[in-house]
Amino acid sequence: MKRIEIESLSELQSVAEQIIESLNGRNVVLFYGGMGAGKTTLISRIAAALGAADQVTSPTFAIVNQYEADDNSHIYHFDFYRIDRVEEVFDLGYEEYFYSDGLCLVEWSEKIEELLPDDVMTVSITIDSDSARTFEID
């Protein structure tokens with residue numbers, strides 16, 4: 001497990017780059033942290049580091065947003081906060097995303113744990129102060 005502490009949100013780009021470097025072939029990354037922890041902000045930095053030109057926004061209502069990286073690979077950003085039943089994720093066709101070559105960045109995965117692949121990366125975010133955060137990457 002890797003632990004990263006930052007004092008300022010301006011350091012998020014470095015965290016994003018360290019997450020990308022730690023993927024080791026995994027393509028599903030689960031982000032844990034309460035409301036306001038900075039999950040979507042961190043995901044936007046990861047997408048930017050991979051060359052996505054689009055502005056990253058939370059897919060709370062759409063459930064998934066898709067972005068394209070510099071190398072034409074796909075980045076899928078999921079937000080399962082509003083999922084009430086696992087069946088909703090089946091209707092979405094989650095397998096086509098999770099078992100593709102695209103990078104899947106997932107918020108609120110707690111709601112779909114039984115559907116997740118075995119080999120995932122987890123990023124847990126702890127709020128230390130208004131601008132300070134601790135990241136645990138596994």
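The values are calculated or read from the model by the stated rules, or taken from the named source; none is laboratory data. Keep in mind that what you see is a predicted model, and the values were worked out from it rather than measured. A quick note on method: Cβ atoms are made from the backbone with ideal geometry, for glycine too, and the neighbour counts reach across all protein chains shown. The accessibility values were calculated without ligands, DNA or RNA, using every heavy atom of the protein model including side chains. Shrake-Rupley method; radii C 1.70, N 1.55, O 1.52, S 1.80 Å.
Restrict the check to the stretch 75-85 and report whether at least one residue is in contact with a Lys or Arg (Cβ under 6 Å, 6 or more places away or on another chain), aromatic (Phe, Trp, Tyr) and free of Cβ contacts under 8 Å to residues at least 40 places away in the same chain. Don't jump to the end; show me each part of the working.
Start the filter on the stretch 75-85 by keeping residues that are in contact with a Lys or Arg (Cβ under 6 Å, 6 or more places away or on another chain), which leaves 80, 83.
Then drop every residue that is not aromatic (Phe, Trp, Tyr), which leaves 80.
Checking which are free of Cβ contacts under 8 Å to residues at least 40 places away in the same chain leaves us with 80.
Looking through the stretch 75-85, at least one residue is in contact with a Lys or Arg (Cβ under 6 Å, 6 or more places away or on another chain), aromatic (Phe, Trp, Tyr) and free of Cβ contacts under 8 Å to residues at least 40 places away in the same chain.
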Selection over the stretch 28-54 where residues are without any contact (Cβ under 8 Å) to a residue 60 or more places away in the chain and in contact with a helix residue (DSSP H, G or I) (Cβ under 6 Å, 6 or more places away or on another chain) yields a count of 3
Note: among LEU105, LEU115, just one is under 23 Å from GLY34 (Cα atoms) and touching a residue at least 60 places away in the same chain (Cβ under 8 Å), namely LEU105
Of the residues in the stretch 117-133 that are crowded, with 16+ Cβ neighbours inside 10 Å and not polar (S, T, N, Q), the one that is farthest from ASN65 (Cα to Cα) is ARG133
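On the basis of being at pLDDT below 95 and open to solvent by less than 10 Å² (accessible area, probe 1.4 Å), does VAL106 make the cut? If you could, list the steps in order and put the result at the bottom.
Working: at pLDDT below 95: no; open to solvent by less than 10 Å² (accessible area, probe 1.4 Å): yes.
Taking the combined requirement at face value, the residue does not satisfy it.
Considering GLU113, GLU107, GLU96, which residue is over 19 Å from ASP138 (Cα atoms) and either in contact with a His (Cβ under 7 Å, 6 or more places away or on another chain) or of a type outside the set (A, V, I, L, M, F, W, C) (or both)?
Values: GLU113 fails: over 19 Å from ASP138 (Cα atoms); GLU107 fails: over 19 Å from ASP138 (Cα atoms).
Exactly one of GLU113, GLU107, GLU96 is over 19 Å from ASP138 (Cα atoms) and either in contact with a His (Cβ under 7 Å, 6 or more places away or on another chain) or of a type outside the set (A, V, I, L, M, F, W, C) (or both), namely GLU96.
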